[in-house]
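Below you'll find the structure, written out as C-alpha cells, and then a few comments.
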Amino acid sequence: MVVDSEELKARVEAILYASGKPLTLRTIMRACGTRSRKRVLEAIEELKKRYEENSRALELVELPGERYYLKLRREYMDLVKKVLRKPLVSRGVMRTLSFIAYHQPVEQSRVAEARGGAAYKHVKILLEKGLIEAEKSGRTLVLRTSPLFAELFGTGNDPAVIRRKLREYMKGLEEGAGKSRRTRES
C-alpha cells in the first residue's frame, strides 16, 4: 500500500512524537512501512520547515548518524516544567549523566567503577535518549555528552562550561536541601 506524502508526514510526525527519543532513519522507514529513503527524508525536511516557519513549540532536530528527534524548543521548557512532574531521566541516571558530563571524555569502565554496576544500564538509557555518545576504544567505550545534551541543558558542547554549570547546579541543590532541612526543624 502506497501512502501519499501528507499521510507519510503525519506518520513520521506521530512516530517521532510518540517515541520521546531520537530514532534512526531506518527505524522511521520501517515504522512507516516504506522502503523509500528519499520519500521519508523529504517528509522529514518538510516537517522541519513547517516547524521552523510557523514558530511552533516543537522542533525536529537531526542528530549525527541519521537520527531524528522531535523536541520542545528551549524557550518553552520552563513553561512546561511548571505542569510536568516527570523528569527526563531518573535520579540515578541523572547522576550517571552528571558524572559523564563532568569527567568527559571518560571510559565506561571508569563510570561503572564510580557509579556501580547499574551504570551500564544507565549508559544504555542515555545512549537511547541521545544524551551521550560512545566511541569504541579497545574493550570499553569512551563516553561524552552529545549535541542534544548541550542543547537541552543550554551548555554548548564545551566540557569546561558543562563542569561550571554542574557545580552551580549542585551548589543550588545543596542550598535548597539546607533550607528544607531548616524548615522541617523549626
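The table below gives the values:
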read-out	value
Calculated FRET value between residue 157 and residue 120, using beta carbons and R₀ = 30 Å, to 0.05	0.80
The stretch 23-168 - convex hull of the alpha-carbon atoms, volume per residue in Å³	143 Å³
Spatially close lysines, pair count over the stretch 5-73: Cα under 14 Å, gap of eight or more or interchain	5
Largest-first principal axis extents of the Cα set of the stretch 5-73 (Å)	31, 23, 20
Lys, Arg +1 and Asp, Glu -1 on Cβ, resulting dipole of the chain about Cα centre, debye, nearest 20	800 debye
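Read-outs: derived from the displayed coordinates by stated rules, not from any lab. What you see is a predicted model; the values in this text were computed from it and never measured. Ideal geometry is used to build each Cβ from the backbone, glycine not excepted, and the neighbour counts take in all protein chains shown.
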